[in-house]
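What follows draws every value from the coordinates through simple rules; no lab data is involved. Bear in mind the structure is a predicted one, so any value in this text is a computation, not a measurement. Heads up, the Cβs are rebuilt from the backbone with ideal geometry, glycines too, and the neighbour counts pull from every protein chain shown.
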Amino acid sequence: MPLTAKSVPRIALVSSLLAAVAGAAVLMAAPASGAASTLGAAAAQSGRYFGTAVAANKLSDQTYVGILNREFNMVTPENEMKIDATEPNQGQFSYGNADRIVAHAKAQGMRVRGHTLAWYSQQPGWMQNMSGSTLRSAMLNHVTQVATHYKGQLYSWDVVNEAFADGNSGGRRDSNLQRTGNDWIEAAFRAARAADPNTKLCYNDYNTDDWGQAKTQGVYRMVQDFKSRGVPIDCVGFQSHFNSNSPVPSNYQTTLSSFAALGVDVQITELDIEGSGSSQASNYQRVVQACMAVARCNGITVWGIRDSDSWRSSGTPLLFDGSGNKKAAYTSVLNALNAGGTNPTDPTTTTTTTTTQNPQPGGCTATYSEGQKWNDRFNGNVTVSGTDNWVVTVTVSSPQKVISTWNTSATWDSSGNVMTARPNGSGNSFGFTIQHNGNWNWPSLTCSTG
Ligand code: G3I
């Protein structure tokens with residue numbers, strides 16, 4: 001019902017739902033609606049992706065490309081976007097091999113994770129010899145140029161790779177970049193955001209899978225600090241290179257959900273697990289199940305296709321053997337993806353996250369609960385109590401857009417960010433889909449009587 005002079009709102013209750021709260025929400029992914037027969041399709045059933053590292057020089061290998069095109073819907077260039085590949089001489093940029101991978105992915109409807117803009121390793125000779133403010137400027141220029149070249153084309157960027165030290169310090173790894181000042185990481189993220197505002201910006205590392213490790217805690221504190229100070233970070237990548245010396249930790253899911261609770265996406269970015277047969281298969285299954293149980297774990301990438309494509313091929317760590325046949329590990333991954341994301345034993349996965357304001361006499365209360373999430377959008381549900389004659393404003397923050405609604409009659413203000421929802425005869429609950437464009441914050445709600 002439209003507001004009239006006689007129906008001035010009597011009481012308005014505002015619920016501001018903060019990004020940090022949104023990050024704490026972990027919900028059940030939708031159960032699989034049916035068994036899919038490829039990794040990408042199985043992951044897509046719960047809004048996730050399944051990707052692989054790709055080497056440009058293998059795009060002429062028919063077996064390799066056949067598996068790639070059939071099974072995967074996300075691609076990470078294995079080496080082609082690294083600093084030594086994209087800026088071999090200072091100020092001279094070289095994108096040939098990386099562009100070939102991006103073009104192949106696009107033609108196949110796959111998305112691309114960019115890897116990586118700033119790293120202590122794989123630096124070209126000219127950069128290795130730099131230090132101080134000269135290096136800082138060169139690094140930022142590299143980030144700006146490469147992120148600009150791929151602006152709007154990538155799903156995410158590993159902006160900074162492997163910046164923390166192994167061992168018990170929980171601190172930064174020593175490197176020429178680190179010696180330019182502790183703020184080099186946030187400077188890189190800000191430069192990447194300025195160059196490509198709509199691509200997810202990730203911090204990516206290894207040996208950060210075990211929640212009890214100092215390195216994991218060090219990265220966690222950095223992400224927490226970045227979120228609290230508004231440094232633009234959208235995701236954390238867990239490389240997840242496992243073998244008998246570095247097994248899948250029992251608290252892996254805790255690690256993923258703890259980072260997600262900071263308000264970032266989490267992604268498994270370079271998965272490989274050395275071994276064979278049923279033990280390798282069950283390790284893969286555990287990793288996939290952990291991701292499936294955390295709503296903001298929105299994708300898994302394996303670090304190569306066949307064992308023979310692996311950077312550590314002697315450990316046979318991948319899902320296809322050297323001839324391209326599916327291994328037991330493949331089947332366990334496919335089944336875990338098809339099983340969907342419900343994990344009733346983990347309380348964080350079964351919590352229905354709602355925010356409720358204290359009801360006041362004569363007023364109304366709008367309660368928000370998080371709905372399903374996909375890579376590009378999420379659903380929100382609102383239940384109103386206290387009146388059947390409600391007016392709820394739903395304010396999203398730019399660049400979010402409400403792209404559909406149900407069980408309400410909705411109008412928008414001129415900015416398109418403020419939706420006014422009223423009953424349409426379907427009761428006192430309604431919902432909407434928000435295309436997030438990189439901003440996962442929940443909307444603010446105001447409830448008033450009409
Ligand atoms: O292509 C050249 C070849 O022409 C030359 O003859 C040969 C001689 O060494 O080198 C070949 O290049 C190698 C390249 O892989 C392609 O195979 C490089 O030497 C070698 O250093 C490079 O290794 C890559 C490594 O990163 C470098 O840091 C691996 O392929 C790649 O899988 C690995 O990926 C990293 C991630 O980026 C970050 N996380 C860890 C992960 C595994 O190390």
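Tabulated data for the structure shown
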read-out	value
Rounded to 5, percent antiparallel among DSSP beta bridges of the chain	55 percent
For region 29-177: Kirkwood Rh in Å [reciprocal of mean 1/r, alpha carbons]	17.0 Å
Proportion of all alpha-carbon pairs of region 204-355 beyond 25 Å (%)	30 percent
Protection-proxy order for peptides 242-253, 155-166, each taking the mean of Cβ atoms within 10 Å per residue, highest first	155-166, 242-253
Between 0 and 90°, nearest 10: helix 96-107 axis offset from the chain longest Cα axis	40 degrees
Convex hull (Cα only) mean projected area of region 368-416, reported in nm² to one decimal	4.1 nm²
Cα-based equivalent ellipsoid, region 90-223: semi-axes from gyration tensor eigenvalues, Å	25, 19, 13
At q = 0.09, 0.11, 0.13 Å⁻¹, base-10 log of I(q)/I(0) for the chain (Debye sum, equal scatterers on each alpha carbon)	-0.61, -0.88, -1.16
Kirkwood hydrodynamic radius over Cα pairs of region 270-331, then Stokes diffusion coefficient at 37 °C and 0.692 mPa s, in µm²/s	281 µm²/s
Val266 long-range amide H proximity, modeled H, under 5 Å	Val236, Cys297, Asn298
Scaled radius of gyration (Cα, divided by 2.2 N^0.38 Å) that region 368-450 gives	1.02
Extension gain from Asn89 to Ser246, taking 0.36 nm per residue of separation minus the Cα-Cα distance	52.9 nm
Assigned charges on the beta-carbon of Lys, Arg, Asp, Glu; region 167-235 dipole about Cα centre (debye)	180 debye
Cα gyration tensor of region 223-284 - equivalent ellipsoid semi-axes, whole Å, descending	29, 10, 9
Karplus 3J(HN,Hα) series, Hz, for region 429-436 with 6.51 cos²θ - 1.76 cosθ + 1.60 (x for Gly, Pro)	10, 9, x, 7, 10, 10, 7, 8
Region 403-450 - Rg (one decimal) and Dmax (whole number), Cα, Å	11.5, 34
Distance (nanometres) between label positions extended 7 Å along Cα→Cβ at Asn182 and Ser308	5.0 nm
For the chain, with +1 on Lys and Arg beta carbons and -1 on Asp and Glu, the positive-most of Cys202, Ser310, Asn97 along the dipole	Cys202
Centre separation in Å (Cα based) which lies between region 86-155 and region 246-306	26 Å
Charge dipole (debye, nearest 20) of the chain; +1 at Cβ of Lys and Arg, -1 at Cβ of Asp and Glu	920 debye
Segments 116-123, 234-241, 55-62 sorted - mean Cβ within 10 Å per residue, highest first	234-241, 116-123, 55-62
Lys/Arg +1, Asp/Glu -1 at C-beta; the chain dipole; positive extreme among Val223, His241, Tyr368	Tyr368
Computed lengthening from Lys106 to Ser429, 0.36 nm per intervening residue step minus Cα-Cα distance	112.3 nm
